[in-house]
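Remarks on the structure that follows.
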Amino acid sequence: AQQRKEAMHEKIGDLPTADGKMESFIVHPEEGGPYAPVVIYMDAWGLREELCDLARKVAVVGYYVLLPDLYYRQGRVRHQWRDSAGRMISMHNLDPARQTQARAPLQQLADAMVVADSGAILDFLDRGEPVRPGAVGSIGYCMGGRHVICVAAAYPERFVAAASLHGTQLVTDRETSPHRLAGRLRGALYCGFAEKDPNATPPIRAALDEAFAGCAVDYRFSLHAAAEHGYALPDRDIHDKRAANRDWELIFAMFRRRLEAPM
């Protein structure tokens, strides 16, 4: 029998927003659409091939995946430094000067900007892209893990399947802290936590449990033993394949439940 080769369609486009044009990587299968859409929210390092590969991993299963450059207001920000083995060096393993350089762009990106940009993404998806109407999935890494919660709270009828992986600042004293938004979410939220992550300490996880208890959203999480912040990213010096694969198993199950139900 002749083997059928699955083909993927990729493009990079400028998505219009209220503040300019947001460069975005888009990938989906060439056949079988329309597809349920998934938005990937980047981490602090900016758009890069590592994230594009993660978008392809989701798309090849049968989704339309959009990966926006949320730093577009600051130009094209691309940060990565590699060790002698070619692996991307994590923030805590960088020298102070490079840590400062890497953190500077994220300090200029407010959560409210990402929420506004997500509204523009929804408008874009609704204007002729090969997507199914309605439900949207999301996956966020690091700061993106916070952003998926903020976005799901702002657009609860659309973003109904959110995955937050080693998210940062999920519980803060701010009025807009993600855990304070729990009552606004609908659908499902999955969080992947690393055991060795100052952003996922027992008090932080307990505050999230308390915040989501009794809420309409189906909140689930995994705590990955011995994993470190950034574990889910495949090019990272502290990548934990076992933990990342467990996340993928649960994320794809959530997407099947929430994004592929009969319309």
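Restricting attention to the chain, the count of lysine pairs at 8 or more positions apart or across chains with alpha carbons under 27 Å apart stands at 8. For residue 36, the shell of other residues with beta-carbons less than 10 Å away shows a net charge of +2, using +1 for Lys and Arg and -1 for Asp and Glu. Solvent-accessible area per residue in the chain equals 45 Å², computed with a 1.4 angstrom probe and all protein chains kept.
The amide H of residue 227, built 1.01 Å from its N in the peptide plane, has 195, 196 as neighbours under 5 Å, considering only residues 5 or more places off or on other chains. Sorting the segments 244-253, 133-142, 84-93, 162-171 by their residues' average number of neighbouring beta-carbon atoms within 10 angstrom, most packed first, yields 162-171, 133-142, 244-253, 84-93. The relative contact order of the chain comes to 16 percent, based on Cα pairs under 8 Å that sit 6 or more residues apart.
Between residue 176 and residue 94, the modelled label-to-label distance comes to 2.4 nm, taking each label 7 Å out from Cα in the direction of the beta carbon. The phi torsions of region 175-181, fed into the Karplus equation with coefficients 6.51, -1.76 and 1.60 and a -60° offset, translate into couplings of 4, 9, 4, x, 5, 7, 8 Hz, rounded to whole numbers, with Gly and Pro shown as x. In region 70-191, the portion of solvent-accessible area held by carbon and sulfur atoms comes to 50 percent [1.4 Å probe, whole percent, DNA, RNA and ligands not counted].
Structure remark: mean-square fluctuation, Gaussian network model of the chain, C-alpha springs under 10 Å; the largest value among 225, 161, 36 belongs to 225. Close amide H pairs (under 5 Å, H built 1.01 Å from N) link residue 159 with 136, residues at least 5 positions away or on another chain. Backbone phi angles across region 30-44, fed through the Karplus curve with coefficients 6.51, -1.76 and 1.60 (θ = phi - 60°), yield HN-Hα couplings of 7, 10, x, x, x, 10, 5, x, 9, 10, 9, 9, 5, 8, 5 Hz in residue order; Gly and Pro are listed as x. Over region 14-151, the reciprocal of the mean inverse Cα-Cα separation, the Kirkwood hydrodynamic radius, stands at 15.7 Å.
Computed on region 150-190, with alpha-carbon pairs under 8 angstrom and 6+ residues apart, the relative contact order is 55 percent. Take residue 100: with every protein chain present and a 1.4 Å probe, its accessible area is about 100 Å².
Please identify, among 149, 12, 121, the residue showing maximal mean-square fluctuation in a Gaussian network model of the chain using a 10 angstrom Cα cutoff. Judging by the Gaussian network model, the answer is 12. Test of understanding: in a Gaussian network model of the chain with alpha carbons linked when under 10 Å, which of 231, 64, 219 would top the mean-square fluctuation ranking? Ranking 231, 64, 219 by mean-square fluctuation puts 219 first. The value obtained for the chain, namely the Cα convex hull volume divided by the number of residues, is 142 Å³ per residue.
The values are calculated or read from the model by the stated rules, or taken from the named source; none is laboratory data. Small disclaimer: the values here were computed from a predicted structure and weren't measured. Virtual Cβ from ideal backbone geometry, glycine too; neighbours counted across all protein chains shown. Calculation scope for accessible area: heavy atoms of the full protein, side chains included, ligands and nucleic acids excluded. Shrake-Rupley method; radii C 1.70, N 1.55, O 1.52, S 1.80 Å.
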